[in-house]
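The values are calculated or read from the model by the stated rules, or taken from the named source; none is laboratory data. Because the structure is a prediction, the values reported are computed rather than measured. Heads up, the Cβs are rebuilt from the backbone with ideal geometry, glycines too, and the neighbour counts pull from every protein chain shown.
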């Protein structure tokens with residue numbers, strides 16, 4: 001049986017092929033669909049599964065920590081990874097975990113992650129977590145300056161500018177969460 005989108009009854013092998021195309025480790029995910037499928041898969045796994053499961057057993061801080069560290073593991077084999085990009089991936093894991101906890105759903109973090117990846121690769125022409133998208137971009141920007149600031153081969157996610165933005169976002173989400181929790 002062919003795996004066509006119009007099939008109302010798809011065999012399990014079709015779902016397996018669809019999952020393989022959308023899995024975080026799939027090369028097609030990074031090249032053909034930057035930002036969409038892999039980002040949502042990563043969010044479902046880290047913020048949709050690990051965060052609530054670990055958080056229910058050992059508390060929210062443990063859930064945020066474990067899901068953020070596992071998020072790093074998903075990116076460790078990406079080209080151009082540096083210590084600073086690992087720190088930034090942990091920070092984005094914390095930021096998105098706080099956002100998911102505040103929102104109580106995954107839609108926002110999936111959209112944020114997909115938009116982040118899409119904007120880097122398809123809008124500005126930067127590498128996305130060290131991956132060259134191979135797609136045309138609206139603008140083909142080139143970063144100039146030291147790699148610690150610009151992110152170098154890893155893209156903007158590996159730079160100090162991103163570190164600052166992520167830290168600011170975490171502070172804002174923590175203060176909003178505290179005010180929100182105080183009203184209950």
Going through the stretch 39-77 one residue at a time, which ones are out of contact with any helix residue (DSSP H, G or I) (no Cβ under 9 Å at 6 or more places or on another chain), within 30 Å of residue 153 (Cα to Cα) and assigned to a loop (DSSP other than H, G, I, E, B)? 77
For the stretch 80-112, name all the residues that are under 17 Å from residue 152 (Cβ atoms) and either in contact with a strand residue (DSSP E or B) (Cβ under 7 Å, 6 or more places away or on another chain) or in a helix (DSSP H, G or I) (or both). 83, 84, 85, 86, 87, 88, 89
For the stretch 130-184, name all the residues that are outside any helix (DSSP H, G or I), at pLDDT 75 or above and within 18 Å of the chain's Cα centre (by Cα). 155, 159
Of all residues being more than 22 Å from residue 63 (Cβ to Cβ) and touching a helix residue (DSSP H, G or I) at 6+ places or on another chain (Cβ under 7 Å) in the stretch 81-113, which is surrounded by the most Cβ atoms within 10 Å (Cβ to Cβ)? Just the residue, please. 85
Would you tally the residues in the stretch 66-86 being within 16 Å of residue 166 (Cβ to Cβ) and more than 14 Å from the chain's Cα centre (by Cα)? 3
